[in-house]
Amino acid sequence: MAHSSSDSGLFMSSGPSTPSGTDSKRQRALPVPKAAATMRTFDPDSSIVSDVIPSPNHGDRNKGRQPDMIVLHYTGMPDVEGALARLCTAGTEVSAHYVVLEDGRIVQCVPEARRAWHAGVSSWAGEDDINSCSIGIEIINRGHDWGYPEYPLRQIAAVIALCRGIILRRKILPQRVLGHSDVAPARKKDPGEKFPWHSLANSGVGHWVTPAPVVRGETLMLGTISDAVLSLQQALARYGYGVPLTGKYDASTMEVVTAFQRHFRPARLDGVADHSTLTTLQALLASLPTDGTNVASK
Ligand SMILES: [Zn+2]
């Protein structure tokens with residue numbers, strides 16, 4: 001994909017005219033897409049938002065659905081400029097509520113009350129209009145196609161702070177803080193296996209158990225047909241994954257197992273349901289919180 005650079009004329013530097021005007025002078029100016037600069041701004045939903053760059057890409061939440069899920073993404077583009085332009089330009093049909101920069105600055109593009117367009121074709125726990133039930137957060141990272149760098153700690157700290165606020169305000173359950181790959185396992189890898197879900201969980205964001213160690217032993221894999229495969233599919237579905245309940249370890253079952261590993265057992269991503277994968281899944285199911293009380297304490 002071709003991406004614009006900052007000298008293409010698509011951007012203007014943010015400065016005193018930035019919507020929120022809170023950029024510190026030592027920070028690099030934010031590349032505000034020109035189209036966004038002419039849009040009506042709005043008050044950010046979170047007090048830690050540093051800039052508002054309004055996107056025209058949003059609509060009504062279906063039947064007034066209130067968001068009770070957070071979906072985390074990476075932008076998967078070579079630079080911030082290109083990512084912000086894509087999310088804030090009419091016609092691209094993509095957006096997110098928030099964008100978290102590598103230096104920890106947080107940009108809001110869509111008010112939380114509105115339905116942003118970040119999840120695409122996706123499903124979780126029997127629901128398939130994920131955009132209507134979620135808040136979408138894009139994390140600036142080049143992604144698997146562009147070298148997939150580590151997430152800087154400063155950026156992760158900002159993601160945690162942002163999520164904690166949303167969780168507190170909207171009483172979001174830990175098991176409903178998910179990655180794009182969880183809700184669209186056949187299409188998406190983001191935020192990917194380098195995303196430190198354990199660090200988020202240590203700070204009260206998301207559901208996590210220490211993954212069981214990878215050991216030699218029996219596995220279920222592509223082609224297996226058995227009751228054990230059906231049990232695996234049922235367990236994945238009970239956790240929320242969209243997976244066929246056929247007893248056959250087909251390609252889509254393998255994709256879902258890979259997505260599960262990317263989030264919960266990142267030491268090995270092979271789509272094979274080994275002892276570690278099955279044990280980790282069972283431990284997650286056994287520890288499913290039923291309310292938000294373990295999250296909200298400061
Ligand atoms: Zn995504």
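What longest region of the chain stays clear of GluC sites (Glu not before Pro) that DSSP places outside H, G, I, E and B and that have at most 11 other Cβ atoms within 10 Å?
It runs 1-92.
Spelling out what I want: for every residue of segment 177-184, take phi, set θ = phi - 60°, compute 6.51 cos²θ - 1.76 cosθ + 1.60 (Karplus), and round to whole Hz; glycine and proline get x.
After applying 6.51 cos²θ - 1.76 cosθ + 1.60, I find 9, 10, x, 4, 5, 5, 8, 9 Hz.
From the helices alone, meaning DSSP H stretches of at least four residues, give me the mean residue ellipticity at 222 nm for the chain, per-run term -39500 (n - 2.57), in deg cm²/dmol to the nearest 500.
-8000 deg cm²/dmol
Give the Rg/Rh ratio for the chain, taking Rg as the radius of gyration of the Cα atoms and Rh as the Kirkwood radius, to two decimals.
0.99
Using the number of other C-beta atoms within 10 angstrom as an exposure proxy, rank Thr89, Thr210 with the fewest first.
Result, fewest neighbours first: Thr210, Thr89.
Nearest-5 percent of antiparallel DSSP beta bridges in the chain?
45 percent
Could you tally the net charge around Val243, taking each other residue with its Cβ under 12 Å from the Cβ of Val243, Lys/Arg +1 and Asp/Glu -1?
With Lys, Arg at +1 and Asp, Glu at -1, the net is -1.
Work through the residues other than Ile140 whose Cβ is under 11 Å from its Cβ and net out their charges, Lys, Arg +1 and Asp, Glu -1.
Here the charged neighbours net out to -3.
Among the aspartates and glutamates, which have Cα under 12 Å from the Cα of Lys194 when same-chain residues fewer than 8 positions away are ignored?
Partners within reach: Glu150.
Which of Leu288, Leu220 has the fewest other C-beta atoms within 10 Å, and how do the rest follow up to the most?
Least to most surrounded, the residues fall as Leu288, Leu220.
Among Cys133, Cys109, which comes first, second and so on when ranked by fewest other beta-carbon atoms within 10 Å?
With the sparsest Cβ surroundings first, the list reads Cys133, Cys109.
Within the set of other residues whose C-beta is less than 10 Å from the C-beta of Pro44, count the net charge using Lys and Arg as +1 and Asp and Glu as -1.
Residues near Pro44 contribute -4 overall.
Any read-out appearing in this document is the output of simple, stated calculations on the displayed coordinates, not a laboratory observation. Quick caveat: nothing in here was measured; it's all calculated off a predicted structure. Using ideal geometry, Cβ is built from the backbone for each residue, glycine included, and neighbour counts are taken over all protein chains shown.
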